[in-house]
Amino acid sequence: MIQTQQQLTQFLNTIETQTHLAIDTEFKRIDTFYPILCLVQIATENAVDCIDILAIEDLEPLFKKLYQTDSVWIVHSARQDIEALYYLSKRLPTQLFDTQIAAHFLNHPAQISYQNLTEILQGVILDKAYTRLDWTTRPLPEAALEYALDDVRYLIKNYAQLNEQLTTEDKLDWLMQDGLDLSDIRLYLPNLDQAWRKIKGLSRLPKSTHQKAAQLAAWRESQAIDRNKPRKWIMSDEQLLDHSLKKTKLSDTDQALFEGFLSQQTQLTQTRIQVEAHQAPSKSEKQQKNELQKLIKKIAVQYNLDETIIANGKTLMKFIRGDQSVSFLTGWRYHILKEELENAKQS
């Protein structure tokens, strides 16, 4: 394990010419709002090691390598790894190969785990013993370090096989397009105006209480950020709902903080919550959905795809009801559907 600045420099010199980096992270996120990044594991074709983020003072040389424009991140289910690194680096990868998404393009299950994919591709059964380890522990057990390194040792092998098959099936560009979605900074920046979307049970509230709920959710998010604590430690969803319904009151201290927050966030007085209540499809909508599903299934078979990677039932219903922002109206999905969609309009 790399624990000194000198060791980090030596490792970065070893991989200096390598552009394809298999990356995994280990972090802790139990009692904080932001993840505490503990380890970063990196593998290339000829090197593998893990970096003790808690021990190294200057991480800028690492970030410089990770975020070079020619660096391609190879990650399995990348979002949390991108997020954990973003909070320290304030940067996002420019090229991403997510092996979980890649596997879905090749008809593996949508949320296939790294362990299951590795067993299928490499015939190796990986140990899951350290899944719940507190990665801030020092010294880390040797077996835990091996567990962490396996996450990138086999990742680079998985990538090689998936990349070859995607190239053969002309799907590599599609994967890279979808990878760009995970480099959207809006995924990683707190948004107070949209904090209400994190409230479970919001649909139970009458519309007259929605604005108060949105304001409380924004304040809770702000407090969680400022204090670096989980939002549920500031206020649980049930407490928030009760406050919105005026069943309970904030303490005098919290009420003062809440009012001070609202005086600075005046835009929250205009917040409008749009809770998506379930609306049963009409007979006509069901018919349109069935026709679209048949069309998509036909295209999916043609391209050896799981049809849900093109569009699921919820997306189709949004489209039928007029939503033009659905994913299959842009990018590679629209490219393979365009002709069939045009024919469907004319029929």
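The values are calculated or read from the model by the stated rules, or taken from the named source; none is laboratory data. Bear in mind that the values here come from a model prediction, so they are computed numbers and not experimental data. FYI the Cβ positions are ideal-geometry reconstructions off the backbone, even for glycines, and counts take in every protein chain you see. Heavy atoms of the whole protein, side chains included, go into the accessibility calculation; ligands, DNA and RNA do not. Shrake-Rupley method; radii C 1.70, N 1.55, O 1.52, S 1.80 Å.
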Per residue of the stretch 215-223, what does 6.51 cos²θ - 1.76 cosθ + 1.60 with θ = phi - 60° give for ³J(HN,Hα)? Whole Hz please, x for Gly and Pro, Karplus curve as stated. 5, 5, 5, 5, 5, 4, 4, 4, 5
So, in nm, how far is label residue 228 from label residue 186 when the simple model puts each one 7 Å beyond its Cα toward the Cβ? 2.9
Points 7 angstrom from Cα along the Cβ direction at residue 87 and residue 122: gap in nanometres? 2.8
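Ignoring ligands, DNA and RNA, what percent of the accessible area of the chain is carbon or sulfur (1.4 Å)? Walk me through the numbers on the way to the answer.
Numbers: 9010 of 19020 Å².
Of all accessible area on the chain, carbon and sulfur atoms account for 47 percent.
Just the accessible area per residue of the stretch 69-177, please: how many Å² with a 1.4 Å probe? Working shown, then result.
On the way: 5110 Å² over 109 residues.
For the stretch 69-177, the solvent-accessible area averages 47 Å² per residue.
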Which distance in nm do the two modelled labels at residue 293 and residue 308 give, with both placed 7 Å along the Cα-to-Cβ direction? 1.3
Debye sum, Cα scatterers, the stretch 1-117, no solvent: what log₁₀ I/I(0) at q = 0.15, 0.18 1/Å? -0.68, -0.96
Test of understanding: extend the Cα→C-beta vector of residue 170 to 7 Å, then name every residue of the stretch 318-347 with backbone N under 12 Å from that spot. 336
By its C-alpha gyration tensor, with a ≥ b ≥ c as the square roots of the eigenvalues, how is the stretch 215-347 shaped: rounded for a/c under 1.5, else prolate for a/b larger than b/c, else oblate? prolate
Residue of 147, 334, 159 that the Gaussian network model of the chain assigns the largest fluctuation, springs spanning Cα pairs under 10 Å: 334
Under the rule of at least 5 residues apart or a separate chain, name every residue whose amide H is placed under 5 Å from the amide H of residue 95. 73
With x for Gly and Pro, the residue-by-residue ³J(HN,Hα) of the stretch 157-162, computed from phi through the Karplus equation 6.51 cos²θ - 1.76 cosθ + 1.60 at θ = phi - 60° and given in whole Hz, is 6, 4, 4, 4, 6, 5
Taking the alpha-carbon distance from residue 294 and a cut-off under 27 Å, which lysines remain once sequence neighbours fewer than 8 residues away in the same chain are dropped? 171, 283, 286, 314, 318, 338, 345
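At a threshold of 8 angstrom on Cα-Cα distance, excluding pairs fewer than six apart, so keeping six or more, what relative contact order does the chain reach in percent?
15
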Under the helix-only model (-39500 (n - 2.57) for each DSSP H run of 4 or more, divided by the residues of the chain), the mean residue ellipticity at 222 nm, to 500 deg cm²/dmol, is -15000 deg cm²/dmol
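Could you work out the local net charge near residue 106, counting Lys and Arg as +1, Asp and Glu as -1, over the other residues with Cβ closer than 10 Å to its Cβ?
Taking every Cβ under 10 Å from that of residue 106, the sum is -1.
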So I have (1) 176; (2) 133; (3) 221, and one of them is volume of the Cα convex hull per residue in Å³ calculated from this model. Which one is it? (1)
